[in-house]
Structures are given as structure tokens and as C-alpha cells.
Amino acid sequence: MVSILVYTREKPDSIGLIETAWDIIAKISEDFWEIKNVCSLEQMRQFLVEKPLVHMMIYDICDRDSLQFLPQLRRLYPQMRLLVLADASISPMEYIRPALRVDALLLKPWTKRQVRESLYDFLEDYLEYADREKQGNLKSYVIETREGTISVPYEQIYFFEARAKKIYVCLGKEEYGFYSSIDKLAEELPDFFARCHRGFIVNIRKIRRIVLSQNIIYLCDGFDVPLSRSYKAQLKGMGKQQ
């Protein structure tokens, strides 16, 4: 699955962009895609509270507030592919900056042909990037499902849990299940993931504190996972301990 978020205040713009994107996707990909749309910056902030999986974003910066929110958005999704919608009212020097890592640009006023060409290049570039991920790039974990593959950036993963004969990857409020074993998974993951329990593997970078007396690891954003006695030594020194 590939998730795209479209943010633009103008409804005709969002309709045209989404319809064109679906038409291109039907021609270049057999994977399952989803496209979500928000039409205000407040909706965008509310949508991102739960940090949903977003692989690609089409983002309108044609007002000052949206532009100012862009650095925070990039920090939330450092691996996300970003297409910016802009116009002549904002200097390119304000958004073509290394820290914002804009992958593609579409300038208003645009023609239907320009929209199609820009979206085609943007979507095709992501597919090439996703292929590299499948071949061993260490920025994402690739899950195979009935609907196709899901590329999950490591920085969004809190933990993996073995449950009901499947493995579930937790991204906060979202989780995705797939068939594997916790032992096999432990061998596949990079070294900033660690086994903490018979049924859990935790992202070390998400650890806030470890309470040894309670056998609990507390993670960012209010999540926690169990810690079994046999893995305490392995996790010693990671996060504040009590």
C-alpha cells in the first residue's frame, strides 16, 4: 500500500490533482494505493496528531501559515516524498532549502498538461525509490500483504509485536499485520531495534525510560512495552532507568 496525502485549500485544485493521480496510478502501478485529502491547515494538524503512515504528500504553500508549518511537517516525516504547490507570491528561496527537501514543484497557474507531467514524474520517482527499498535500503521495513507491499519508515515504528500467529508493526495509532516470526524479524532489523520480550521488539530510538522494577519500557507518545528478565541486560543503559 502507498499512502498519499493531498493538502490544498482550493477544492477544484484538489479534485483535479486527485483525479489525475488516480488515472496515472492505474497505468503505472499494480499496488494498492490510498489518497487522503484535507482542505485546511487546521484539518492537517488534526490529521497528523496520530502520525498516520504517509509516503507521499502534495502540499499547498500558497499562504504564509502553510509555509511556516512546512518545517514541522518535514520533521514529522523525514522520508516522505514531497510535491509543493506554489505561486509567484512566495519566493522559491523560502521553500527550496535543503532542510525542507522538496522533491517536486508545481507552480500556479498551471495547465492540465503540466499537472499530468508533474504528477507522473513524482509518482514514477516514488516507485523507483520503493523498488530500491525492497532491494535492501535500510530506511524502511517492507511488508508483504495481500494488497501488495507496504514500506514503513523505521523512524515511525514504535515496536513489533507477535500476536495471534502474526507480527504487528505499531506506528502509534496505526498497526499493520503480516506473517513472519519474531526470531526471523530480529535478524532482519537494523541494530537500533532490540528484543525486549518473547513477543516484542522495540525501537531503541523511541525509548524514554525503562522501569526495571515494573518490567516496563516507556516509549515516546505514551506507549509502553513489556520487558522480560532475560533481556534486561541487553537493554541496560538505554533511556532513563528506574
(message) So if the hydrodynamic radius of region 29-77 is defined as the Kirkwood radius over C-alpha pairs, what does Stokes-Einstein give as its diffusion coefficient at 4 °C and 1.567 mPa s, in µm² per second?
(response) 107
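Need one number for region 28-168: average projected area of the convex hull over its C-alpha atoms, nm².
With the hull built on Cα positions only, its mean projection is 10.0 nm².
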(message) Let me make sure I get this right: for the chain, a, b and c are the square roots of the gyration tensor eigenvalues over alpha carbons, sorted descending. Under 1.5 in a/c it's rounded, otherwise prolate if a/b > b/c, else oblate. Which is it?
(response) prolate
(message) Need the full-extension length gain, SER228 to LYS112, defined as separation in residues times 0.36 nm minus the C-alpha distance. One decimal, nm.
(response) 35.9 nm
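By the scheme Lys and Arg +1, Asp and Glu -1, what is the net charge of all other residues having a beta-carbon under 12 Å from that of ILE216?
Spelling it out: positives minus negatives among the neighbours equals +2.
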(request) Quick one: work out the % antiparallel among DSSP beta bridges in the chain, nearest 5. (result) 60
(request) Take the Cα atoms of region 77-135, build their convex hull, and give its volume per residue in Å³. (result) 78
(request) Report the calculated FRET efficiency for LYS166 and LEU212 (r = Cβ-Cβ distance, R0 = 30 Å), to the nearest 0.05. (result) 0.50
(request) Add +1 for every Lys or Arg and -1 for every Asp or Glu among the other residues with Cβ under 9 Å from the Cβ of PHE178, and state the total. (result) 0
(message) Please list 3J(HN,Hα) in residue order for region 84-101, calculated via the Karplus relation 6.51 cos²θ - 1.76 cosθ + 1.60 where θ = phi - 60°; whole Hz, with x for glycine and proline.
(response) 9, 9, 9, 9, 6, 6, 10, 5, x, 5, 7, 10, 8, 10, x, 5, 8, 6
(message) Using C-alpha positions alone, give me the convex hull volume of region 182-242 per residue in cubic angstrom.
(response) 78
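Order the peptides 24-30, 39-45, 107-113, 147-153 from the highest to the lowest mean number of other Cβ atoms within 10 Å of their residues.
Averaged packing, sorted descending, gives the order 147-153, 39-45, 24-30, 107-113.
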(request) Compare ILE90, ILE18, ILE207 in a GNM of the chain, Cα atoms joined below 10 Å, and give the one with the largest fluctuation. (result) ILE90
(message) Give the separation of the Cα centroids, region 1-37 to region 78-92, in Å.
(response) 17
(message) Test of the criteria: in region 162-242, which chymotrypsin sites (Phe, Trp or Tyr not before Pro) are in a DSSP loop and have at most 10 other Cβ atoms within 10 angstrom of their Cβ?
(response) TYR179
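The numbers here are math on the coordinates, done by the rules we state, and not lab data. Computed from a predicted structure; not experimentally measured. Don't worry about glycine lacking a Cβ; one is built from the backbone with ideal geometry, like all the others, and counts go over all protein chains shown.
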